[in-house]
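> Below is the structure I would like to discuss, written out as structure tokens.
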Amino acid sequence: MQLTIGPRLYSTWSLRGWLVMKRTRADFTVRSVEYASAEQKAALRDHSPTGLVPVLHVVDDTIWDTLAIAEWAHETYPQAQLWPADPVARAYARSVTAEMHAGFSALRDLCGMGPDHPIAGDARCDPPSDPALDRDLSRLVSLWCQMRQRYSTGGPWLFGAWSIADAFFTPVAARVRHYRIDLSLHGDTDGIAAAYMQTLLNQPDFLQWEAEALAS
Ligand SMILES: N[C@@H](CCC(=O)N[C@@H](CS)C(=O)NCC(=O)O)C(=O)O
């Protein structure tokens, strides 16, 4: 089994897919590809039907799209408990994960990640000023606070125990850190969202990703 990912320094969807696969504890190899040039993009199409990463190769099958990889991992490795056990928590976790997968477009567009805006390292920049970005950040803070308040007794992750939702929000935490976004200006009055963000940034798998990104 092999996971094709983009550059660790800035491929946010690759980070999500890799975090989920790590949690399965399954044996898998990682192939890291670049997609900066037209030639590299064309070469990526040999491995990925969409020309996007991550892509999971399982024997003769190819699974593309991070959400599909996460659902496949959940079904294939039930012991990893990648979604919450409680049906209501699971429905919320799927909702917020789908919201992240399809939404937060202002945050993604205006605070993009790339060679100059890396996931790892000490580089920081100021956030752009934009009403659409403010709306995304208010929604992010409200979502994080609502779920953390409801599920805080089960552990430090969004739904108590670690879930796919945490994988999907880890690159967001790196983005908020890189763009020096002050969550208290977006409704995080008691620091719940900031604390959750630190939990994501301190998770050992993310620290491993960061170290590998900086070494690459
Ligand atoms: N919806 C896709 C999005 C994947 C995606 O946009 N990946 C980016 C890297 S973070 C990519 O492959 N970019 C290649 C390119 O722009 O050529 C998913 O969930 O996997």
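> Wholly within segment 104-216, which helices (runs of 4 or more DSSP H) include no fewer than the required count, namely at least 1 residues that are touching a Phe, Trp or Tyr at 6+ places or on another chain (Cβ under 8 Å)?
131-151, 164-178, 192-202, 204-215
> Right, here's the next one. Would you mention how many residues in segment 18-53 are of a type outside the set (Gly, Ala, Ser), in contact with a Leu (Cβ under 6 Å, 6 or more places away or on another chain) and part of a loop (DSSP other than H, G, I, E, B)?
3
> Kindly indicate the residue of segment 1-41 that is among the charged types (D, E, K, R) and more than 9 Å from the ligand (Cβ to nearest atom) and also farthest from the chain's Cα centre (by Cα) among those meeting that condition.
Filtering first and then ranking leaves 39.
> A further question follows. Restricting the search to segment 42-62, which residues are surrounded by fewer than 15 Cβ atoms within 10 Å (Cβ to Cβ) and near the ligand (Cβ under 8 Å from one of its atoms)?
50
Coordinate-derived values only; no laboratory data. From a predicted model like this one, the values you see are computed outputs, not experimental measurements. Counting neighbours? That spans all protein chains shown, and the Cβs are built from the backbone with ideal geometry, glycine included.
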